[in-house]
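Asker: Okay, handing you the structure first.
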Amino acid sequence: MATVKKAKSTPRKMTEPVVTESQPLTNSPLSIKVSRKYLLIGIGIVALAALLYTYRSLFIVATVNGTPISRLTLIQELEKQGGKQTLATLVTKTLIAQEAAKKNISVSQKQIDEELKKIEQSLSQQGQTLDQVLQLQGMTKASLIEQIRTQKMVEALVGPISVSDKEVDAYIEANQASLPQEGNAAEIKKNVKTQLQQQKVSQKAQELLANLQKNAKINYLVTY
């Protein structure tokens, strides 16, 4: 009996699907990621442009016929005019604040409010308001409050200053020509006493600052 040889069967090759031009790739994960990336970049650019426009005064202070003047240029010019004095003031305020912190001296909001009230009452008697005076002097209320805070720290650091009635009478006797000839004598004495106290505080403050600067390590990285 003749044997029949079976033909070897060859395995079929799996053909990969052919992608034609008619099959779009826009819905593939890769294309979605790319589109989202560019969308986020676009949103970021728009947001950045909006921020730059909103806060453009941080970089540009003015334009002259379309030519911008940068804030950096303004700062450099201000430093030329008053940089040395301003830096000295900042150093002084820092020394005072550091010394006050060492001695646990702080200024309360009540003290600031009381001083502001005194200033407003004094200006009111002269027919002026605090806002008017601040505008004339190119100051803000915040800067005035900062000055009051520093002054109160100095007063606390130099300690209580007393002025005797004898000192007041001696000053009035020596300066009769410059004092009001009419008015309440008690009010005149009160004003003179306040003036003498301020003079003593100023003198003590100068001595205090000279001592603080002498003992401090101050390194100036900018010279004017």
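Asker: If contacts are Cα pairs under 8 angstrom and at least 6 residues apart, what is the relative contact order of the range 107-208 in percent? Before the final figure, lay out the partial values.
Answerer: Working: 39 pairs, mean separation 28.4, N = 102.
With pairs under 8 Å counted, the relative contact order is 28 percent.
Asker: Nearest 20 debye, what's the magnitude of the dipole of the range 71-170 about its Cα centre given +1 on Lys and Arg Cβ and -1 on Asp and Glu Cβ?
Answerer: Working: 13 positive and 13 negative charges, 88 e Å.
Once rounded to the nearest 20, the dipole reads 420 debye.
Asker: Step through the residues of the range 90-100 one at a time and calculate ³J(HN,Hα) from phi using the Karplus curve (6.51 cos²θ - 1.76 cosθ + 1.60, θ = phi - 60°), rounding each to whole Hz and writing x for Gly and Pro.
Answerer: So the Karplus estimates, Gly and Pro as x, are 5, 4, 4, 4, 5, 4, 5, 5, 5, 5, 5 Hz.
Asker: All other residues with a Cβ under 12 Å from the Cβ of Gln147 taken together, and with Lys, Arg as +1 and Asp, Glu as -1, what is their net charge? Each step should come with its number before you reach the end.
Answerer: Values: positive: Lys93, Lys141, Arg149, Lys152; negative: Glu115, Glu146.
Local net charge: +2.
Asker: Here's a follow-up. Once amide H atoms are placed 1.01 Å from N in the peptide plane, what residues at a sequence separation of 5 or more from Ile60, or on another chain, have their amide H within under 5 Å of its amide H?
Answerer: Hits under the 5 Å cutoff: Arg71.
Asker: A further question follows. From the phi of every residue in the range 102-114, what ³J(HN,Hα) in whole Hz does the Karplus formula 6.51 cos²θ - 1.76 cosθ + 1.60 yield, where θ is phi - 60° and glycine or proline is x?
Answerer: With coefficients 6.51, -1.76 and 1.60, one gets 4, 9, 6, 9, 9, 10, 7, 5, 5, 4, 5, 4, 5 Hz.
Computed from the coordinates by the stated procedures, all read-outs in this text should not be read as laboratory data. Please read all numbers here as calculations on a predicted model, not as lab measurements. Here Cβ is always computed from backbone atoms with ideal geometry, including for glycine, and neighbour counts include all displayed protein chains.
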